Amino acid sequence: MSYLLHIDASSLGEGSVSRQVAQSFRDEWNGAVVHRDLALSPAPHLSAAGITARVTNPAEHTPEQAKAIAVQDELIEEFLGADAYLFTVPMYNLTMPSVFKAWLDQIMVNGRTLSFDGPPATSGRPAVLISARGGGYGPGAPKHGMDHLVPTLETVLGHPTNLGLDLTTVTPELTMAPHVPALAPLLPLHEASLTDAHAQARGLATAIGGQAA
């Protein structure tokens, strides 16, 4: 069965702007969806047992290695089984939530999702990254150049020597404007960014759904 794999990494629940924009995508998606909410069920951080199990004969695994590799196998098979991806990854303190980094560390394995002698197994599959952020990080903004989330994930998820996904990024900005008095003058820019993000999400769902059909 082909499906959209939706990985959620926001801790905020229904109040999350990233989740709200992702819902606009989901509302337009007509196919099957597998949803993994890392806030509710986080992937464990990669352990010594998980690392060593990858290069140890399965017949020689310790109980700790067997348990760790079972987690990796589940997450990797779920990842490889999808034909499209939706990642909900808000910016926390200039970078990604730790639960998403833990998930990445579990699934990025040479010979399975990564390859050093050819394209990765998921090369060219469509993917959307939705990443809301409280401030603005574009040219001219005081924090321009401090976004250590989108450039990192575009490299990890999209570069052909990594996971090789055909990645499109949607970034609703200035989400703190409705809540911080000092940012109130930026509220119109936030509202415009949010409206555009929802429209992008709906359009991408229609376009990717059409490719997958």
Legend entry - Top positive-direction residue, dipole computed over the chain with Cβ charges, set VAL71, VAL150, LEU163: VAL150
Legend entry - Given charges at Cβ of Lys, Arg, Asp, Glu: the chain dipole, positive-most of LEU12, LEU86, PRO181: PRO181
Legend entry - Residue-by-residue Karplus 3J(HN,Hα) for the stretch 150-159, coefficients 6.51, -1.76, 1.60, Hz, glycine and proline x: 4, x, 5, 6, 5, 6, 5, 7, x, 5
Legend entry - C-alpha long axis of helix 98-107 to longest principal axis of the chain, angle in °: 40
Inset, instruction - Over the alpha-carbon set of the stretch 66-119, work out the extent along each principal axis and list the three values in angstrom, largest first. - result: 33, 29, 21
Inset, instruction - Beta carbons within 10 angstrom, averaged per residue: use that to sort the peptides 137-147, 2-12, highest first. - result: 2-12, 137-147
Inset, instruction - Output the relative contact order of the chain, whole-number percent, from Cα pairs under 8 angstrom with separation of 6+ residues. - result: 24
Inset, instruction - Would you calculate the separation in nanometres between label points at HIS159 and LEU189, each defined as 7 Å from the Cα along the Cα-to-beta-carbon direction? - result: 3.0
Legend entry - Choice from ALA182, ALA199, ALA53 with maximal GNM fluctuation in the chain (Cα, 10 Å cutoff): ALA182
Legend entry - At 1.567 mPa s and 4 °C, Stokes diffusion of the stretch 55-213 via Kirkwood alpha-carbon radius, µm² per second: 73
Inset, instruction - Report the FRET efficiency, 1/(1 + (r/R0)^6), for MET146 and THR56, where r is their Cβ-Cβ distance and R0 is 41 Å, rounded to 0.05. - result: 0.50
Inset, instruction - Find how many whole Å separate the alpha carbon centroid of the stretch 148-213 from the alpha carbon centroid of the stretch 1-72. - result: 21
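No lab work stands behind these numbers, since they all come straight from the coordinates. Because the structure is a prediction, the values reported are computed rather than measured. Because the Cβ atoms are built from the backbone with ideal geometry, glycine has one as well, and the counts that use them run over all protein chains shown.
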